[in-house]
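See structure below.
Read-outs: derived from the displayed coordinates by stated rules, not from any lab. All values derive from a computational prediction rather than experimental measurement. With ideal geometry, Cβ positions are generated from the backbone for all residues, glycine too; neighbour counts draw on all protein chains shown.
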Amino acid sequence: MPTVNPPVLQGPGTSKGEELKGQSSCAVEEHVENDLDPQYHRLLQSGLLELTSEPTERARLRTDLEQDVINYCRTVIEAPEDTSRRAKAEWIKSTSAIFKQLMHEFGPEIIDAARRGCEAIVADHYHGDSTSIAHVNKKANFLRHIPMQIISSAFYPATSPLAIGCYETGTLPCSIALSAWLPPKQALQAGTICHLSICDDYHAFTEPEREVRHRMVAIAVGAAFLLGPGGQTVLLDGSTLQAAGDRRGSHSGATVRAAMSWRAVSGGGTGLTGYHYGHGSLGEGLIGPKVAIAMHDLLDWRCDAAAKNHENGVSAIYGLGVPDPFHVYLEAMLREGRTHPRSAAYAMGGVVYMSFTAVRYGSYEYKGGPWAACPECERLLREVTAGSGLRWMPVPPPQSFEEGEWARQLSREVVDGLEQHPLAQHGLAWLQHLVLSGQIRLFDALVDIDSVDATVDWS
């Protein structure tokens with residue numbers, strides 16, 4: 001099997017492999033003194049060993065799956081990209097069963113609908129000026145709030161957009177969703193596997209952060225090799241963000257369900273299920289990925305529309321000619337969630353928790369209303385909550401970055417110290433309030449709210 005050579009951090013007077021090992025080990029040891037949790041130290045050291053060694057240097061030969069993981073990860077370190085070429089690489093053969101099933105559920109038609117919808121939103125409602133959509137500029141929001149962000153000690157430096165992204169939009173929400181199935185430590189380990197898709201997705205503004213990317217990838221590799229084939233196939237799913245689905249016509253065409261399946265793949269959500277680790281059926285395993293990314297798209301629709309980014313399920317529904325796509329997508333997500341409430345509740349809770357505490361998303365910045373609530377959406381959310389084992393206890397989410405400090409502190413205690421705090425319950429309680437009060441419409445790009453930022457970056 002062809003292999004990709006180990007990535008190199010070049011330096012004078014040192015061989016490529018030695019330079020990589022030496023610089024990485026120094027960075028690890030330096031940070032261990034600053035209280036890097038032993039679990040991340042072990043994952044990092046294990047991942048670095050796998051990335052820098054060849055099969056002939058190991059006690060046993062790698063399986064084909066393991067070599068595919070190493071080839072992909074080395075490629076991401078050297079040249080991160082979010083392209084259709086990445087989605088057609090040779091290691092795609094080793095992707096997960098969840099990914100392969102989702103690929104049968106959508107095709108190019110729904111992606112075309114999303115492109116049409118994205119253009120039509122601006123033309124129909126904003127006179128061709130996408131930046132007049134009330135939205136958060138993600139780069140500006142990062143710069144406004146990063147001095148106050150509280151993050152895990154493993155995700156340093158604290159000013160790195162890539163390290164912060166891997167923490168607050170990767171490990172944290174993914175581990176919350178996975179806690180529906182897995183014990184805390186294993187959920188956190190599995191949550192780090194999403195670092196690969198984030199490195200590719202954020203390439204446009206983090207490409208120079210090579211040392212950070214190397215560490216984030218190494219942690220993910222360590223976790224994937226620890227968790228076995230399930231974790232390894234999920235890691236390879238990170239290469240599929242631009243996958244176009246089934247072109248042979250076996251999928252359901254341009255529908256709401258097809259939009260959810262497309263976005264579960266292109267949004268990097270395939271790992272958000274315990275199916276990979278022996279929990280639940282394949283059908284049950286599809287619910288977490290679909291619901292999590294649908295929740296993400298609802299909360300991020302304003303930013304995507306303002307940036308003319310078509311990769312959003314709500315835009316796809318608008319492209320299908322639906323006049324109120326936000327409400328249709330919200331209700332469809334909740335109906336999908338009823339088929340496996342625990343997966344859905346934890347997935348939605350994790351995404352909402354992230355969105356109201358992260359420096360990137362800034363959901364706390366939106367102000368407006370009031371709007372009438374939808375009784376059917378409330379009924380569906382109550383059913384999901386009741387079936388999940390979580391509680392119905394609507395609580396307003398943070399209304400500013402500062403108001404969420406307590407939640408960010410809890411996040412660090414969970415990620416660094418494995419303390420058990422009900423993060424999924426908090427996120428779900430915020431969603432309950434948004435639906436019950438009608439304030440969920442704050443995120444509807446077709447509704448007028450107070451303006452936030454005038455420009456777009458890091459879409």
statement: When 135, 203, 127 are arranged by how many other beta-carbons sit within 10 Å of their Cβ, fewest first, they go 127, 203, 135
At 1.567 mPa s and 4 °C, Stokes D of region 87-176 from Kirkwood alpha-carbon radius, µm² per second: 75
- request: Report which label in [x] 20.5, 65; [y] 20.9, 69; [z] 24.5, 81 holds the value of Rg and Dmax of the Cα atoms in Å derived from the coordinates of this structure.
  value: [y]
- line: The alpha-carbon center of region 311-327 and that of region 356-421 are separated, in whole Å, by 24
query: Alpha carbon centre of region 68-89 versus region 111-137: separation in Å?
result: 31
- line: Per-residue ellipticity at 222 nm attributable to helices in the chain (runs of n ≥ 4 DSSP H, -39500 (n - 2.57) apiece, nearest 500 deg cm²/dmol) works out to -17000 deg cm²/dmol
- request: Grab the alpha carbons of region 194-246, take their convex hull, and tell me the volume per residue in Å³.
  value: 59
query: HN-Hα J couplings of region 87-97 from phi, Karplus 6.51/-1.76/1.60, θ = phi - 60°, integer Hz, Gly and Pro as x?
result: 6, 10, 5, 5, 6, 4, 4, 9, 5, 6, 5
message: Students often forget the sequence filter, so: which aspartates and glutamates lie under 12 Å Cα-Cα from residue 88 once same-chain residues fewer than 8 apart are removed?
response: 237
query: Once both labels are modelled 7 Å past Cα along the beta-carbon direction, what's the residue 84-residue 391 spacing in nm?
result: 5.1
Of 100/290; 138/367; 100/308; 100/139, those spanning more than 23 Å from alpha-carbon to alpha-carbon: 100/308; 100/139
task: Just rank 209, 403, 168, fewest to most, by other beta-carbon atoms within 10 angstrom.
output: 403, 209, 168
